[in-house]
Amino acid sequence: MRYGMAIDTRKCVGCADCVVACQTENNIPIGYTRDWIAELNEGTYPNLHLEIRSERCNHCENTPCVRTCPTGASHIILGGIVKVTHEECIGCGACIQSCPYDARYMHPDGYVDKCTFCDHRVANGQEPACVSVCPTHCMYFGDLDDPNSEVSKVVAANKIKTLAPEAGTKPQIFYLV
Amino acid sequence: MREELITSGRMNLNIDPVLHIWHWQIPVYLFLGGLAAGLLFFAAYYTIIGKEKKFTTAVKFAPVLAPVAIILGLIALLLDLKHPAYFWQLYTTVHLESPMSWGAWVLMFIMPISMLWVASYFKEIFPKFDINQNIVGKMLKKVIVKNDNKEGANWDWKFEIIRKFEINFIKNRKPVAWVMLILAVILGVYTGILLSAFNARPLWNSSILGPLFLTSGLSTAAATIMWMSDNHEEKRTFSKIDLMLIVIELFLITHLFMGFLAGSEAKVQAAQYFLGGEFTVTFWINVVIIGLIVPAILETLELLKFKLPVMVPAAMILWGGMIFRFIMVEAGQVTRFLY
């Protein structure tokens, strides 16, 4: 099993509902966020191109954050979800330095926090909070190892890209472009 | 035009607008760790080649600074942790892929060895000790006793087990020196590898950083020994060693930037911070001119028999080494992958 996500940048309107849903669902401290909206503007008038992406931890296959963690607090659980055990985190910041996506942050309580793909919801057969609230249904979540899952079909049928593939992290979030 | 913005207002503390999760503690630790590694390296080296009588400062006196530097460095590291009470979790696992993990283990071994090394020379450093007069002596009364029969020193350890251990340690100084030499090299390289292991920060992600930090650490240690020594020949030797290390450092810095400029766009941009960007002036003036070139000239003049106070080049080298680490840690966090 390999959990992954596909996000359709052509359907995303950048409403930030996913951001708020995550903050509410995971009780994120005020002023912090695990996911965010990035807007890419390219070209000069009248040949303009706009791409809107909902970004978060890419739950990479090749994880520099898990590698550099000195205590083993950063680890990979079933389905390839990258998680942090709060009780084992000493707050050294090594994983934050090693993430090319700046997807991690230091929780005010002294441990590193990040997107968990809402594993508590996924374990109960639900979708992550961000996916469940998306008003344009531009996000797809599921098992990438299963060729019949919705996310696998979407990834197979569309032109896709990942973020900073040159970092060699093999991200598991695919953007449809 | 190409412009990328985060429109949902991400403002995670120390992550946005630019990554700044490591503050002064890390460069201070890197400096002190490199200095301690260098001091222990020279002490071990001159013991191994059997010249401990000739280079007394390097072998006997300068290593006193090493455990002090390591302890201060560890305090800085502890202050950097956001959950310092959990620091012991570093020692519940060995994670060879994480430089921070094996660095923590190396520190755990080199610290007691450096302390025992210094303690084994106590009788030679303080041969005459009036236990009843001195305040320190009164405090130490619990562990030391008066013993005039002992050759050289007028005191001895109170407990038989410590006395026996000391005799054995002094007898086996050479094998201990070998262990210390290896650990010192690992510690010196580690200060650089710690940074170069982060693929996500293009400025750090260069294998030159390990040898560069080791050389810089050895250079700061040579400068310290040169400054502390009152033996003319020892001073001259360490001036020569330091001059050689400075040349190697300049060579490595050149290669570092050559490597960046021949690399991917992210690396070219990282190098631009030093070649016209915001770190240009601080780096080239403090690190290269004040920290390397001027001391190299002064040391050359000294070797050509000009009379110069040795503390000037020594202090400049230490300053350059410290600023070098500050700039590398600060600038590295600014550099990132472009996407």
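The values are calculated or read from the model by the stated rules, or taken from the named source; none is laboratory data. Keep in mind that this is a model prediction, so the values were computed, not measured. Reconstructed Cβ throughout: ideal geometry from the backbone, glycine too, with neighbour counts over all protein chains shown. These accessible areas exclude ligands, DNA and RNA; they are computed on the full protein's heavy atoms, side chains included. Shrake-Rupley method; radii C 1.70, N 1.55, O 1.52, S 1.80 Å.
Normalised by residue count, the range B:240-338 yields a Cα convex hull volume of 86 Å³ per residue.
At 7 Å along the Cα-to-beta-carbon direction for both B:ILE48 and A:ARG10, put a label point, then send me their distance in nm to one decimal. My value for the distance between the label points is 6.5 nm. Percent of Cα pairs in the range A:4-62 per distance bin of 10 Å, from zero to the largest separation: 19, 42, 29, 9, 1. Centroid-to-centroid, using Cα positions, the range B:109-171 and the range A:22-81 are 58 Å apart. Dividing the mean sequence gap of close Cα pairs (under 8 Å, 6+ apart) by how many residues chain A holds gives a relative contact order of 32 percent. Within the range A:136-177, all pairs of alpha-carbon atoms sorted by distance into 10 Å bins from zero give the percentages 28, 54, 18, 0. Our compactness index for the range B:19-65, the C-alpha radius of gyration over the empirical 2.2 N^0.38 Å, is 1.55. Here B:LYS240 is the anchor, and the aspartates and glutamates within straight C-alpha reach of less than 12 Å, apart from those fewer than 8 places off in the same chain, are B:GLU299, B:GLU302. Of the residues B:MET100, B:LEU90, B:THR47, the one whose Cα sits farthest towards the positive end of the charge dipole of the range B:33-125 is B:THR47 (charges of +1 on Lys and Arg Cβ, -1 on Asp and Glu Cβ, taken about the Cα centre). For the protein assembly as shown, the calculated P(r), taken from all Cα-Cα distances in 10 Å bins from zero up to the bin holding the longest distance, is 4, 17, 23, 21, 15, 10, 7, 3, 1, 0 percent. The B and A chains share an interface that buries close to 3900 Å² of accessible area, total over both sides, probe 1.4 Å. The mean number of partner chain beta-carbon atoms within 10 angstrom of a residue's beta-carbon across peptide B:265-271 is 1.
This model, with +1 at the C-beta of Lys and Arg and -1 at the C-beta of Asp and Glu, gives the protein assembly as shown a dipole about its Cα centre of some 2040 debye. Packing here is the average count of other Cβ atoms within 10 Å per residue, and on that basis the peptides B:83-93, A:112-122, highest first, run A:112-122, B:83-93. Taken about its Cα centre, chain A carries a charge dipole of about 280 debye when Lys and Arg each add +1 at the Cβ and Asp and Glu each add -1 at the Cβ. Evaluated on chain A, the Kirkwood hydrodynamic radius is 16.8 Å, with distances taken between all distinct Cα atoms. Highest mean first, the peptides B:171-177, B:104-110 sorted by other C-beta atoms within 10 Å per residue fall in the order B:104-110, B:171-177. Rounded to the nearest Hz, the phi-derived 3J(HN,Hα) couplings of the range B:205-222 under the Karplus curve 6.51 cos²θ - 1.76 cosθ + 1.60 (θ = phi - 60°) are 7, 9, 6, 5, 4, x, x, 5, 5, 5, 4, 4, x, 4, 5, 5, 5, 4, where x marks glycine and proline. Residues of the range A:104-121 falling in the label zone of B:TYR339, defined by backbone nitrogen less than 18 Å from a point 7 Å along Cα to beta-carbon, are A:104-105, A:114-117. Highest mobility in the GNM of chain B, judged by mean-square fluctuation with C-alpha springs under 10 Å and restricted to B:GLY321, B:GLY291, B:GLY137, is found for B:GLY137.
Site pair B:LYS240 and B:LEU304 shows an inter-label distance of 1.8 nm when each label is modelled 7 Å from Cα along Cα→Cβ.
Projecting label points 7 angstrom from Cα along Cα→Cβ for B:LYS142 and B:ILE71 puts them 1.5 nm apart. Per-residue mean of foreign Cβ neighbours for B:85-93 is 5 (Cβ atoms of other chains, 10 Å radius). Its DSSP H runs of at least 4 residues, each contributing -39,500 (n - 2.57), put the calculated 222 nm mean residue ellipticity of chain B at -19500 deg cm²/dmol, to the nearest 500. Between the amide H of A:SER74 and those of A:THR85, distances stay under 5 Å, these residues lying 5 or more places away or on another chain, with hydrogens modeled in the peptide plane. Ellipticity at 222 nm from helices only: DSSP H runs of n ≥ 4 in chain A, each -39500 (n - 2.57), divided by the residue count, give -4500 deg cm²/dmol. If contacts are Cα pairs under 8 angstrom and at least 6 residues apart, what is the relative contact order of chain B in percent? RCO, chain B: 21 percent. The phi-based Karplus calculation (6.51 cos²θ - 1.76 cosθ + 1.60; θ = phi - 60°) puts the 3J(HN,Hα) values of the range A:92-97 at 7, x, 4, 5, 5, 5 Hz, whole numbers, x for Gly and Pro. In terms of its Cα atoms, chain B spans 85, 53, 34 Å along the principal axes, sorted from long to short.
Straight Cα distances below 19 angstrom link B:LYS138 to the aspartates and glutamates B:ASP130, B:ASP148, B:ASP156, with same-chain residues fewer than 8 positions distant left out. Put +1 on the Cβ of each Lys and Arg and -1 on the Cβ of each Asp and Glu in the protein assembly as shown; which of B:VAL310, A:ALA6, A:GLN126 then has its Cα farthest toward the positive end of the dipole? About the Cα centre, the residue reaching furthest to the positive side is B:VAL310. Here the Kirkwood formula, the inverse mean of 1/r across different C-alpha pairs, assigns the range B:197-273 a hydrodynamic radius of 13.9 Å.
Each Lys and Arg adds +1 at its Cβ and each Asp and Glu adds -1 at its Cβ; summed about the Cα centre, chain B shows a dipole of about 1140 debye. Relative to the longest principal axis of chain B, what angle (0 to 90°, nearest 10) does the C-alpha long axis of helix B:65-80 take? Roughly 40 degrees between the two axes. Each principal axis of the Cα cloud of the range B:107-169 was evaluated for its coordinate range; sorted largest first, these ranges are 37, 23, 20 Å. The Cα atoms of the range B:16-172 define a convex hull whose projected area, averaged across directions, is 12.9 nm².
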